[in-house]
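Presented below is the structure to which this report refers.
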Amino acid sequence: VVIIKPKPQWQSNEQAQVLATKLRDQQQVSEVRLDSDWLQRLAAIKDLAVTLALVMSGLMLFAVFLIVGNTLRLQVLSHKDEIQVMKMVGATNSYILRPYLYVGVWYGLIASVIAIGLTFAITLLLDQAVATLANLYASHYRLIGLGWDEMLILIMSAAFLGLLAARLSAGRHLREIEPV
């Protein structure tokens, strides 16, 4: 009896099936048993975690959009008197809107830095638990944090989301304010 423990690149269900087929084709091998149940369970756990992460990411993006939009709406309303004076002296809506767009971008950037920090902290906290779970299934899964490219995408998308929320929210309320 020979027990083969595959390398990490052979531990997906499809790769394990390929390895089992290659071993069955060997003349010296009389029987190959593939215990793929644990591979399927581990893949299902991984898929669940990815789906949960995507859902949570979507909810967080929506929350950032709402928070930035509401905050800037309140800022526009709190500066209503100044905006009315600016409109009386001839300021256009785009001129008045520009500082709110900058603030929206800054809010998005701050939110992205917080998200990167939380992701790093959660990765550190869960890394050992995931490693322990993977070892129970004789696997070598490890959590990896965000890469540089993913961080850059997160920062850019959060800044754009802040800009979009500022444009929609502050822009709408600026159009409603008329000079006295």
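The values are calculated or read from the model by the stated rules, or taken from the named source; none is laboratory data. Note that the structure is predicted; figures quoted are calculated from it, not measured. Cβ atoms come from the backbone with ideal geometry, glycine included; neighbour counts cover every protein chain shown.
Out of 71, 132, 119, I need the residue that is within 30 Å of residue 12 (Cα to Cα), in the same structural domain as residue 168 (by TED's automatic domain parsing) and surrounded by 12 or more Cβ atoms within 10 Å (Cβ to Cβ). Which one? Give the steps one after another, and end with the answer.
Details: 71 fails: within 30 Å of residue 12 (Cα to Cα); 132 fails: surrounded by 12 or more Cβ atoms within 10 Å (Cβ to Cβ).
Residue meeting the stated conditions: 119.
Please name all residue pairs, on different chains or six or more residues apart, with Cβ atoms under 7 Å, provided the first residue is in segment 126-137 and is in contact (Cβ under 8 Å) with a residue 60 or more places away in the chain and the second residue is surrounded by 11 or more Cβ atoms within 10 Å (Cβ to Cβ) and among the hydrophobic types (A, V, I, L, M, F, W, C).
From residues that are in contact (Cβ under 8 Å) with a residue 60 or more places away in the chain, the pairs are 137/38; 137/42.
Tell me, which residue of segment 1-41 that is of a type in the set (Val, Ile, Thr) and modelled with pLDDT of 75 or more is nearest to residue 140 (Cα to Cα)? If you could, list the steps in order and put the result at the bottom.
Going residue by residue through segment 1-41, those that are of a type in the set (Val, Ile, Thr) are 1-4, 18, 21, 29, 32.
Pick out the ones that are also modelled with pLDDT of 75 or more and you get 2-4, 18, 21, 29, 32.
Working: 2: 21, 3: 18, 4: 15, 18: 19, 21: 23, 29: 27, 32: 23 Å.
Applying the filter and picking the extreme gives 4.
Condition check: loosely packed, with under 13 Cβ neighbours inside 10 Å and either in a helix (DSSP H, G or I) or in contact with a Gly (Cβ under 9 Å, 6 or more places away or on another chain) (or both). Does residue 102 satisfy that?
Details: loosely packed, with under 13 Cβ neighbours inside 10 Å: no; either in a helix (DSSP H, G or I) or in contact with a Gly (Cβ under 9 Å, 6 or more places away or on another chain) (or both): yes.
The answer is no for residue 102.
(1) surrounded by 13 or more Cβ atoms within 10 Å (Cβ to Cβ); (2) among the aliphatic types (A, V, I, L, M); (3) modelled with pLDDT under 80: which one isn't true of residue 60, the others all being true?
Failing condition for residue 60: (3).
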